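*Asks:* Encoded as C-alpha cells, here's the structure I'll be asking about.
Every read-out reported here was derived from the displayed coordinates using simple, explicitly stated rules and does not represent laboratory data. Just so we're clear, the structure is a prediction, and the values are computed from it rather than from any experiment. Ideal geometry is used to build each Cβ from the backbone, glycine not excepted, and the neighbour counts take in all protein chains shown.
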Amino acid sequence: MLKAVIFDFDGVIADSEALHYEALDAVFKRYGVDVPKEVHWDKYLGYSDRENIEAVNVDYGMEWDNAKVQVLIDEKKVVFDELVTSGSIIIDGVATFIQRLIDGGIRRAICSGALRSDIGLMLAGADFKDAFEVIVAADDVTHGKPDPEGYLLALSQLNKKAAALIQPNQCVVIEDSHWGLEAAAAAGMNPIAVTNTYSRGELAQEGRKVIDRLDELTMADLSDLCG
C-alpha cells in the first residue's frame, strides 16, 4: 500500500542541474580548471557540492586541502544563489502532481544532494513551498547517492510523525539520475525515473517506471508500484 512519496530535488522539482554546473564551472575556472559539461554530466551529476569538488580535486590533480575545498564550496554557493534569484526554475507539472498527493493524503518528503539553503531558496517562490513534511539535504548525510543513507533517513523522519510505521516498500521515490534510482532501490523503495536530465534508455534499467512529466502519474500508477 502506498504511504509516501519521496522526491529528489534537482532535476525533479527544480530545473537546476544546469545552474549547478554553471556555478561550479565559473568557480573552477577561477582556479584554472575546465570541466566540460559532458564530463560533469557523465561523472559528477548527482554529487553534492563537496563530493563534486573533492572528486575534481583528485581527478584534475589540484591538491586542494580541506580548507580550500570549503572556500570553493562557499564561492559556488554565492554564484548559484545569484543564478537562482534571476527567475523561477520549478519544473512544469510538479505543482499539479504535488497537489494530487496532498488530496490523496500521501505523505511527502525530499531527499536531495543539494544544500538545505539551496533547496529553501529554490522553493521560496513556489506555491507548494510548505508541502513537504521532511527535507533531507546534503547537510544531513555522510554518504551521498547511490548510498541509500538519505532515503532511509527521510523515511525515519517521516516515521517519527506517523501513527503507524511506513515500510520502505510503501514508498515511491522519484529521481532523474541512475545514482538516485540506485539509492532508492538499495533502500528497498520503489523508484520512478523522470526524463528531465537523462533519456529513457539511460534510466529504464533502474526505474520501475519511466515518465516524461510528473503530472503524467496517477494515484493508481503509484499504488500499483507498492503492491
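*Asks:* May I ask which of 68/145; 76/161; 3/37; 29/209; 3/129; 129/209 have a Cα-Cα span longer than 31 Å here?
*Replies:* Numbers: 68/145 24 Å; 76/161 35 Å; 3/37 38 Å; 29/209 39 Å; 3/129 21 Å; 129/209 26 Å.
Check vs 31 Å cut-off fails for 76/161; 3/37; 29/209.
*Asks:* Need one number: nm distance between label points at residue 29 and residue 81, each 7 Å from Cα along Cα→Cβ, rounded to one decimal.
*Replies:* Spacing of the two 7 Å Cα→Cβ label points: 2.2 nm.
*Asks:* Could you list, bin by bin from short to long, the percent of Cα-Cα pairs of segment 17-84 in 10 Å steps?
*Replies:* Each 10 Å bin holds this share of Cα pairs: 21, 63, 16, 0.
*Asks:* Per-residue ellipticity at 222 nm for the chain, helices alone: DSSP H runs ≥ 4 residues times -39500 (n - 2.57), over residue total, nearest 500 deg cm²/dmol?
*Replies:* On the way: 9 runs with 93 residues, N = 227.
Helix contribution divided over all residues of the chain: -12000 deg cm²/dmol.
*Asks:* Among [x] 52, 35, 33; [y] 43, 43, 36; [z] 48, 42, 40, which is the computed Cα extents along the principal axes in Å?
*Replies:* [x]
*Asks:* Go ahead and collect, in residue order, the members of segment 1-41 whose backbone nitrogen is under 17 Å from a label point 7 Å along the Cα-Cβ direction of residue 60.
*Replies:* Backbone N within reach: 19-41.
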